[in-house]
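Below is one structure, written out as structure tokens; comments come after it.
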Amino acid sequence: MKTQFAKILCVVTLGLILGLLGCGKGPEAKPIKVGALFAVTGKASNLGAPEAKTAEMFVNKLNERGGINGQKIQLIVKDTGGTKENAVSMTKQLIEEEQVLAIIGPSTSGETMGIKDICQEAKMILLSCAAAETIVNPVASYVFKTPQKDSDAVKLIYKTMKAKGISKVGIIASNDGFGMAGTVQLQKLAEENGIVIAISESYDGQATDLTDVLTKIKGKDIQAVINWSIVPAQSLVAKNMKQIGLDVPLFQSHGFGNIKYVQAGGEAANGTIFPCGRLLIADVLPDNHPQKAVLTQYKKDYEDQYKEDVSTFGGHAYDAILILTEAIKKAGSPDRDKVRDAIENLSGIVGTAGVFNFSAMDHNGLCMDAFEMLTVKDGKFALYNP
Amino acid sequence: MDYPQIVQYCFAGITVGSIYAIVGIGFNIIYNTTGIINFAQGEFLIVGAMTAISFSQFFPLPVAIGMAILITILLGGLVEITFIRQVRNASILRLIIITIGISILIREAMLHIWDEKVRFLPYFTGTDTSTVTVLGAHISPQVLWVLGVCAVIVLGLTLFFKYTLTGRAMRACADDRMAARLCGINDRWMVTLSFMLSAGIGAIAGCIISPIAQTQYDMGAPLAIKGFTAAILGGLGNSMAAVAAGLFLGLMEAFMVSQFDVAYKEAVSIVILLLILVFRPSGIFGRHEINVLRTM
């Protein structure tokens, strides 16, 4: 009995000493903790992997320069694997255990919608890198997002279609948050843009063959196909359409902005039309374009460090950290409520997706001119010229 | 639906169906010699495809695929020798759970070796956009490769099990392991061989579907579920019935799509699996028929 007590005493004393040693570092060296949730693996890994890489690169560069107001940033990246369940439990970890200042990510709309309310209730700043409009509409005071709105993408697609004389379309979308939110916008905005949706189908995100659903669409006599997804099936759509002889233009969402989808689509990806931010065409932007400097710098840094092509998704993470750090600078201290207020008042922040102008009612800060219509020419992204 | 459309759906169904069939055969070969369901079967496909993709950067395609199949066969043997053989007296349930563990292990290893990116082999004939017109339907030449190779595998296996000494020895182990051992058959070696054979067949399937379906490290599990459904539907242990069941499953899915929302497609195989497990656990081709087919 006595020895056991002595043991416990030893452990407690040791714990106290260690605790004191921990305190000895002093408060001024304490870094600002920022949580990041990215789908580094799983079916949304084409989004999450470049996002995590970008975030780490951004934070390293910032810390090398001395951090913000003398404080370094500690980035805690968690891999959600693209599932909502992981996103929820990891969010709780970041809020309760790590007590981070803000959370960046998640990569996908489904995950973001799963944690939107949790973050709002915990008064935790969330800067989502996912696109669905429902993330910021209705506005939750602590939730922001950096990619362009899907409604703007839809409007631009319909505008392009009208110019091409297309009025009857078939829609396919992945059955995840991004695909479903996009389908809602496509259906909502069709009538006012004079577009008739002949058929609308959703497929499994892990689909490995889409010839069956495309055969069904082919039977509807449509003038164009719109595919709304972020999964690798984007390349399958292009291939399968060509293979079954469905020779109509293929429009994709802004989820197509990773050159890997083009490479996977091979020859079949040529001619795909999609709205996208300007990052992918940074080289051909005129020098006086406001985004030119930011885009070329980020593209160069990323491609030098990771030896792979830059994608718009990494750009969304870049924008999220940029906005957060700008807001911390403006707030003067890493106080969560002050930083939140500062984000709402940010304007003229030049990011990769466009120029951000936030307000209490607009937690996205981008408008339709953040998009350009792009196409694929000889396996490369190019500006779409009708 | 007009005639070319029906043909088009048929091809879509037979293509995925033949892959389900091959995965189902993989399950059956191992089930026959050991009585266990190898849930790492789906991973064998992906390992095969991934290795072939890596080799194809240095060697011509046929050589790369050949090497990939060889490596996957070795992996299959290794899995049996290092894991299954060590716990030989364990219950079937324990062995099955071990295979689930192996599948997770292989999947995570693949994530570290090849990362999370989607890869693919080049088309064996033509390119992504080439099509062949068959009976009014347009299909990729790769579909013909899939169908042809699947047919060759099925034919090859039938001949192997029927006419070669090793094949007959494996069948003997499946029928009665003790009796086989008494006849001087090395049953341990037969179990290892069955893992190698399944792995090899898996690798071939993985390679031929890679150009059309693309390959990602975590694609094995969904394929394994479909293949398992095919194996169960046909009656476990009966490879020829698995072929019929796999094709049936693929066609069911394709024609479901033509009539209902695509969203329900994935539910088809799960519903069939549940129905079979509840009402007819011995499969469509019941116990009696299995024995007839097996001795064919």
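The values are calculated or read from the model by the stated rules, or taken from the named source; none is laboratory data. All values derive from a computational prediction rather than experimental measurement. Virtual Cβ from ideal backbone geometry, glycine too; neighbours counted across all protein chains shown. Calculation scope for accessible area: heavy atoms of the full protein, side chains included, ligands and nucleic acids excluded. Shrake-Rupley method; radii C 1.70, N 1.55, O 1.52, S 1.80 Å.
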Unsatisfied cross-links (Cα-Cα over 25 Å) in the set A:K30/A:K149; A:K159/A:K380; A:K78/B:K265
A:K30/A:K149; A:K78/B:K265
Could you check the simple spin-label distance between B:A151 and B:K117, using points 7 Å along Cα→Cβ, in nm with one decimal?
3.7 nm
Between B:D218, B:D176, B:D261, find the one with the highest GNM mean-square fluctuation for chain B; connect C-alpha pairs within less than 10 Å.
B:D261
Mind giving me the FRET efficiency for B:L144 and A:K159? R0 is 45 Å, r the Cβ-Cβ distance, nearest 0.05 is fine.
0.60
Protein chains only, probe 1.4 Å: how do A:S89, A:S128 rank by accessible area, largest first?
A:S89, A:S128
List the accessible area buried at the contact between B and A, summed over both sides and calculated with a 1.4 Å probe, in Å² to the nearest 100.
2900 Å²
Apply the Karplus parameterisation 6.51 cos²θ - 1.76 cosθ + 1.60, with θ equal to phi minus 60°, to every residue of region B:260-268 and state each ³J(HN,Hα) to the nearest whole Hz, in sequence, with x for glycine and proline.
10, 5, 4, 4, 7, 4, 5, 6, 3
First measure r as the distance between the Cβ atoms of B:F260 and A:K61, then evaluate 1/(1 + (r/R0)^6) with R0 = 41 Å and state the FRET efficiency to the nearest 0.05.
0.20
Size of chain A along its principal axes in angstrom, Cα-based, largest extent first?
85, 55, 39
Label-to-label distance, nm, for residues given as A:A198 and A:K33 (7 Å Cα→Cβ offset):
5.6 nm
Potential lengthening between B:D176 and B:A109 on full extension [0.36 nm per residue; Cα-Cα distance subtracted]
20.5 nm
Gyration tensor verdict on region B:146-296 (Cα atoms; rounded if a/c is under 1.5, prolate if a/b is larger than b/c, oblate otherwise):
prolate
At a cut-off of 30 Å², which residues of region B:248-267 become less accessible once all protein chains are present than in their chain alone, using a 1.4 Å probe?
B:V257, B:V262, B:A263, B:K265, B:E266
Give the Cα extents of region B:3-294 along the principal axes, in whole Å, largest first.
57, 47, 34
³J(HN,Hα) computed for each position of region A:319-326 - Karplus, 6.51 cos²θ - 1.76 cosθ + 1.60, integer Hz, glycine/proline x:
4, 4, 6, 4, 4, 4, 5, 4
Cα gyration tensor of the protein assembly as shown, axes a ≥ b ≥ c as square roots of the eigenvalues: rounded (a/c below 1.5), prolate (a/b > b/c) or oblate?
oblate
Residue-ordered couplings for region B:126-137, obtained by feeding phi - 60° into the Karplus form 6.51 cos²θ - 1.76 cosθ + 1.60 and rounding to whole Hz (Gly and Pro as x), are x, 10, 4, 9, 5, 9, 10, 9, 10, 6, x, 9
For n ≥ 4 DSSP H runs only, could you compute -39500 (n - 2.57) per run for chain A, divide by its residues and tell me the 222 nm figure to the nearest 500?
-13500 deg cm²/dmol
Here the relative contact order (percent) of chain A, from C-alpha pairs under 8 Å and at least 6 apart, is 16 percent
Give me the 1.4 Å probe accessible area per residue for the protein assembly as shown, excluding ligands and nucleic acids, in Å².
41 Å²
Percent carbon-and-sulfur accessible area, region B:3-294, ignoring ligands, DNA and RNA, probe 1.4 Å
72 percent
Decide, for region A:150-276, between rounded, prolate and oblate: order the square roots of the alpha carbon gyration tensor eigenvalues as a ≥ b ≥ c, take rounded if a/c falls under 1.5, and otherwise choose prolate if a/b is larger than b/c, else oblate.
rounded
How do A:V294, A:V143 stack up against each other in accessible area, from largest to smallest, with a 1.4 angstrom probe?
A:V294, A:V143
In region B:129-163, which residues give up 10 Å² or more of accessible area once the other protein chains are added, compared with their chain alone (1.4 Å probe)?
B:T129, B:T131, B:H138, B:S140
Extension gain A:K168-A:K300, at 0.36 nm per residue separation less the Cα-Cα distance, in nm?
43.4 nm
Where labels lie 7 Å past Cα in the beta-carbon direction, separation of A:L383 and B:V134 in nm
4.6 nm
Would you mind telling me the share, in percent, of accessible area of region A:188-328 contributed by carbon and sulfur at probe 1.4 angstrom?
47 percent
MRE, 222 nm, helices only [DSSP H, n ≥ 4, -39500 (n - 2.57), over chain B, to nearest 500]
-24500 deg cm²/dmol
Tell me which residues come under 5 Å, amide H to amide H, from A:W228 once H is placed; ignore anything under 5 positions away on its chain.
A:I172, A:A173, A:S174
For region A:236-386, what's the radius of gyration and Dmax over Cα atoms, in angstrom?
17.8, 60
